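*Asks:* Below is the structure I would like to discuss, written out as structure tokens.
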Amino acid sequence: MRLGRTNVASVCAVILGIALLPAYAQFNAPKPTGPWMNTSLSPDERADLVIKQMTLDEKITLLHGTGMFGLGPVSALHTGSNGGAGYVVGIPRLGIPAIQMSDAAYGVRSSGENGRYSTALPNNLASAASWDLKAAYEYGALIGRELRDQGYNMSLGGGVDLTREPRNGRNFEYLGEDPILAGKMVGQVMTGLQAQHVLGDIKHYAMNDQESGRNSVNVNIDKRAMRETDLLAFEIGIQDANPAGVMCSYNRVNGDYACENKYLLTDVLKKDWKFKGFVLSDWGGTHSTVKASAAGLDHEEPAEIFYGEPMKKAVEAGQVPMSELNDHVHRILRAMFATGVIDDPPQKSVVDVVGGFEVSQKIAEQSMVLLKNENSQLPLDASKAQTIAIIGAHSDVGMLSGGGSAQVDPPGGNAIMPPGKGATVWQEHIWFPTSPLKTIKAKAVKAKVEYDAGTDPDSAAALAKNADVAIVFASQWVSEGMDLPNLALPHDQDALIAKVAAANPHTIVVLETGDPVTMPWVNDVSAILEAWFPGSRGANALANILFGDVNPSAKLPITFPKSEADLPHLKIVTPPPTSNPRWSPDAWKQIAAGLPAFQTTYDEGLKVGYKWYDTEHKAVLFPFGYGLSYTTYSYSNLKVEPGSDVRVSFTVANTGSRAGAEIAEVYAALPAGTGEPPKRLVGWSKVELNPGESKDVTVEVEPKYLSIFNVEKDAWQLVPGNYTFMAGPSSQTLPLKESVNLQ
């Protein structure tokens, strides 16, 4: 049947009206007047008042999502979704809004397909290189604002698993190898985010340290090692930020799936740490109803395979006590009240693009690490440079980003593709339209700046030979759902760099990576700058550092080893075929049923990152905490004062000719006999200094940062004895040292 013009218009109007109903209802429904809307009551009191009014079906509604293609059946109620990764139906009669979840590791995901814009911040590991808690707060606050502007009220960012495996495809989403640095940084990210009245989330709890076989791997690790490494990072972040959610991971830990692991979810998280928020599963990470519920899983995502009708039947049969069900619901409601998503729901608005650019660029400038600067090759002098060769990594049009569920859509599409052809596709290499070639040309207006793609080393070397300076851009793409085969730069980039360096002694290498890389050419180039995945304004930040408008201050949150032979594990344990899901539209059925386990054992235990290299006396390429500046600093006058918090004081002086910011690091060696690695980071301070200026610095060290976890007592213990405190610019350069006896 053909429709006339009038009928078509009428049908369109009806369809449009139906489509707009959820939004209209969200923003125009009368506010509920129940006693739980009294803001003078505590979040716990308000949650309990709501629960008294809820039916069993309404309670079940809050315990699960409404589906996602490929990861579970999609409910008809999913039509209310805002287009994010997860959607939980609200309870309008009680004034409980839907939970609209979005992946938001370094920016809000899927904006392109939803017709929106999101700022890409430097990736999470890059932000950790700033060692800047204020910057971390701004990082989270920006993501929170953009989530609200796009109609979301929950973030799924907050990755904090430690870098046990440098080839892990998700290291770029995490915050490095040290639990105190990672924990303090994620705590500030979550605090900034939740200050915008958005539900925050810390993940992936726990030991999600490889992507290979993540749905089936069983991680074997002793409790002491787990508590002092990965779990300590979570503990610090949770205590600092009180996040709404903790997302449990796909993998098993010591035999049980993380999302039905009573030790992790109840004994440690809810009882020991007194976590008041809710535990949600990673997408497809739920494998049972009764066991998972009893273990402490509060919410299943993305569908209702176990926490929908099966949960209702389990409650009615007495397999899940009503008190247990109410605790799940209470935690979700409490988090919603505590973060303000009920009292101050998001109103869709226009993202502040310019403001986002400014924050992203500022953080990028604080995150790029100067690894080498022989003969003060950098900063470049724009007034003297006559010819500059720009080589490789699509640096004419853009800079790389990390993939998977962290992927942010670039405005206009993938920069290396023709206009209109650069849609974001899962695990495709996505480049943001931030062009180093253009920003370098803008700085060196008098110079001849030429570009070579770097695909032909001979052509690149010929261009470099005739230039005053050659800047080679090298990249290593990483993503969720994969691990790197090795730490070498892919696509023969090592050979390209070597060839260019042989042609021009003034060769600078700019790295766009999310993991450490090996550098067989390290002695042949004059300067190396680790730019990471630098976000929406990465090229602007890079140019400011290259030409000295910004003095680099960042330091590595992760060790760069000399060789893979020096790693704790020579190879990643990969799953047998039976432990890998056979991908199809109903692959979720295999995953939900549980794939056969395969084993990986973290027998390095406490020795994560720099602690491994210290203990094993292995030389590294660039150590944890290392980073150069365009000025120089000196350290003096160390004093250690015992007390409830140990106070470590010293003086830092800028002995160079430029203003800069020094990240002054404090480490401690525990008493002999504790079985600890040679030293651990216990604090730091970022100090801004003008030329010739000195400042006294005091770092207060919490007792827990000096303690070991006593498994027999199931508690942290400060072992009486001799503690040596060290201060300096990196984990391997610690000129100040003093020992004290602590009781």
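*Asks:* If we count every other residue with Cβ under 12 angstrom of V687's Cβ, Lys/Arg +1 and Asp/Glu -1, where does the sum land?
*Replies:* -4
*Asks:* Turning to a different aspect of this structure: Can you list residues from other chains, or at least 5 along the same chain, whose modelled amide H is less than 5 Å from the amide H of G157?
*Replies:* For G157, whose amide H was placed from the backbone, the distant partners under 5 Å are A104, D201.
*Asks:* Another question about this same structure. Over 22 Å, how big is the tail of the calculated P(r) for region 405-480, in percent of all Cα pairs?
*Replies:* Of all Cα-Cα pairs in region 405-480, 41 percent lie more than 22 Å apart.
*Asks:* What is the packing order of peptides 379-388, 516-525, taking the mean over residues of other C-beta atoms within 10 Å and listing the highest first?
*Replies:* 516-525, 379-388
*Asks:* Stretch H429-T733 to full length: gain in nm at 0.36 nm per residue minus the Cα-Cα span?
*Replies:* Contour length minus Cα-Cα distance gives 105.7 nm.
*Asks:* Still on this structure: Near the amide H of F622, under 5 Å away, which other amide H atoms are found, from residues 5 or more places off or on another chain, if H is placed in the peptide plane?
*Replies:* Counting only residues 5 or more places away or on other chains, the set is F560.
*Asks:* Can you give me the long-range amide H partners of V697? Hydrogens built in the peptide plane at 1.01 Å from N, cutoff under 5 Å, separation of 5 or more residues or another chain.
*Replies:* F650, T651, V652
*Asks:* Same structure again: Whole-Hz Karplus ³J(HN,Hα) for region 698-706, in order, using 6.51 cos²θ - 1.76 cosθ + 1.60 and θ = phi - 60°, x for Gly and Pro?
*Replies:* 10, 10, 8, 9, 5, x, 4, 6, 10
*Asks:* Same structure again: For region 366-559, what proportion of DSSP beta bridges, expressed in % and rounded to the nearest 5, is antiparallel?
*Replies:* Of the beta bridges lying entirely in region 366-559, close to 20 percent run antiparallel.
*Asks:* If one puts a single equal scatterer on every Cα of region 331-449 and applies the Debye formula without solvent, what log₁₀ I(q)/I(0) results at q = 0.13 Å⁻¹?
*Replies:* Each listed q corresponds, in turn, to -0.78.
*Asks:* Taking every pair of Cα atoms in region 518-623, average 1/r, invert it to obtain the Kirkwood radius, and report Rg/Rh to two decimals.
*Replies:* 1.13
*Asks:* Which net charge results when you count Lys and Arg as +1 and Asp and Glu as -1 among the other residues whose beta-carbon is under 12 Å from that of L706?
*Replies:* In short, -2.
*Asks:* Could you sort the peptides 102-110, 429-437 by per-residue average Cβ neighbour count (10 Å cutoff), highest mean leading?
*Replies:* 102-110, 429-437
*Asks:* Treating the beta-carbon of each Lys and Arg as +1 and of each Asp and Glu as -1, no other charges, what is the dipole magnitude of the chain about its Cα centre, to the nearest 20 debye?
*Replies:* It works out to roughly 1020 debye.
*Asks:* Here is a further query. Let me make sure I get this right: for region 505-550, a, b and c are the square roots of the gyration tensor eigenvalues over alpha carbons, sorted descending. Under 1.5 in a/c it's rounded, otherwise prolate if a/b > b/c, else oblate. Which is it?
*Replies:* Verdict is oblate for region 505-550.
*Asks:* Right, next: Could you work out, for region 92-212, what percent of all Cα-Cα pairs fall into each 5 Å distance bin, beginning at 0 Å and stopping at the bin that holds the largest distance?
*Replies:* 2, 12, 22, 22, 18, 13, 6, 2, 1, 0
*Asks:* What share of the DSSP beta bridges in the chain is antiparallel, in percent to the nearest 5?
*Replies:* Antiparallel bridges make up about 60 percent of those DSSP assigns within the chain.
*Asks:* Using the per-residue mean of other Cβ atoms lying within 10 Å as a proxy for protection, in what order, highest first, do the peptides 323-335, 559-571, 120-132, 712-724 fall?
*Replies:* 120-132, 323-335, 559-571, 712-724
*Asks:* Which residues in region 255-289 have a backbone N closer than 19 Å to a point placed 7 Å from the Cα of S42 along the Cα-to-Cβ line?
*Replies:* 270-278
*Asks:* To continue, here is another question. For region 248-262, just list the computed ³J(HN,Hα) in residue order, Karplus coefficients 6.51, -1.76 and 1.60, θ = phi - 60°, integers in Hz, with x standing in for Gly and Pro.
*Replies:* 7, 8, 6, 6, 8, 10, 6, x, 10, 4, 4, 8, 9, 9, 4
*Asks:* Now for a separate question. When a/c reaches 1.5 or more, the comparison of a/b and b/c decides; with that in mind, is region 239-355 rounded, prolate or oblate per its Cα gyration tensor?
*Replies:* Cα axes put region 239-355 in the prolate bin.
*Asks:* Give me the extension gain from S707 to T601: residue separation times 0.36 nm, minus the current Cα-Cα distance, reported in nm with one decimal.
*Replies:* 35.7 nm
*Asks:* While we're on this one: Using Cα pairs under 8 angstrom and six or more residues apart, how large is the relative contact order of region 612-743, in percent?
*Replies:* For region 612-743, the relative contact order is 28 percent.
*Asks:* May I pose another question? Within region 716-733, name every residue whose backbone N is under 18 Å away from a label modeled 7 Å from Cα of D222 along the Cβ vector.
*Replies:* Residues 716-719 qualify, since their backbone N sits under 18 Å from the label point.
*Asks:* A follow-up question, please. State, as an integer percentage, the relative contact order of the chain based on alpha-carbon contacts under 8 Å between residues 6 or more apart.
*Replies:* Relative contact order here is 14 percent.
*Asks:* Could I ask something else about it? Return the FRET efficiency for the residue pair K421, T455: r is the Cβ-Cβ distance, R0 is 25 Å, and the value is rounded to the nearest 0.05.
*Replies:* 0.80
*Asks:* What number comes out for the charge environment of D48, summing +1 per Lys or Arg and -1 per Asp or Glu over other residues with Cβ under 14 Å away?
*Replies:* Spelling it out: positives minus negatives among the neighbours equals +3.
*Asks:* So, one more: At q = 0.05, 0.06, 0.08, 0.10 Å⁻¹, work out log10 I(q)/I(0) for the chain with the Debye formula, treating every Cα as an identical point scatterer and leaving solvent out; two decimals please.
*Replies:* -0.25, -0.36, -0.65, -1.01
*Asks:* Sticking with this structure for a sec: Just tell me, in residue order, which DSSP H segments of the chain are both 27 angstrom or longer along the helix axis (alpha-carbon based) and at least 0.0 in mean Kyte-Doolittle hydropathy.
*Replies:* 5-28
*Asks:* Could you give each residue of region 675-684 its phi-based ³J(HN,Hα) in whole Hz, using Karplus coefficients 6.51, -1.76, 1.60 with θ = phi - 60°, and x for Gly or Pro?
*Replies:* Calculated HN-Hα couplings, in order: x, 8, x, x, 7, 9, 5, 10, x, 7 Hz.
*Asks:* Also, I was wondering about something else. Taking R0 as 45 Å, what's the FRET efficiency between A587 and R647 from their Cβ-Cβ distance, rounded to 0.05?
*Replies:* After rounding to 0.05, the efficiency reads 0.25.
*Asks:* From the convex hull of the Cα coordinates of region 630-742, what is the mean projected area in square nanometres?
*Replies:* Averaged projected hull area, Cα only: 7.0 nm².
*Asks:* With no solvent and one equal point scatterer placed on each C-alpha of region 5-339, evaluate the Debye formula and give log10 I(q)/I(0) for q = 0.07, 0.08 Å⁻¹, two decimals.
*Replies:* -0.28, -0.36
*Asks:* How many angstrom separate the Cα center of region 496-510 from the Cα center of region 84-146?
*Replies:* Using only Cα atoms to place each centre, the spacing works out to 39 Å.
*Asks:* Classify region 153-291 from the C-alpha gyration tensor, please: rounded if a/c falls under 1.5, else prolate or oblate depending on whether a/b exceeds b/c.
*Replies:* Note, shape of region 153-291 comes out rounded.
Throughout, read-outs are computed from the coordinates displayed, never taken from laboratory work. What you see is a predicted model; the values in this text were computed from it and never measured. Quick reminder, even Gly has a Cβ in these numbers, built from the backbone with ideal geometry, and neighbours come from all protein chains shown.
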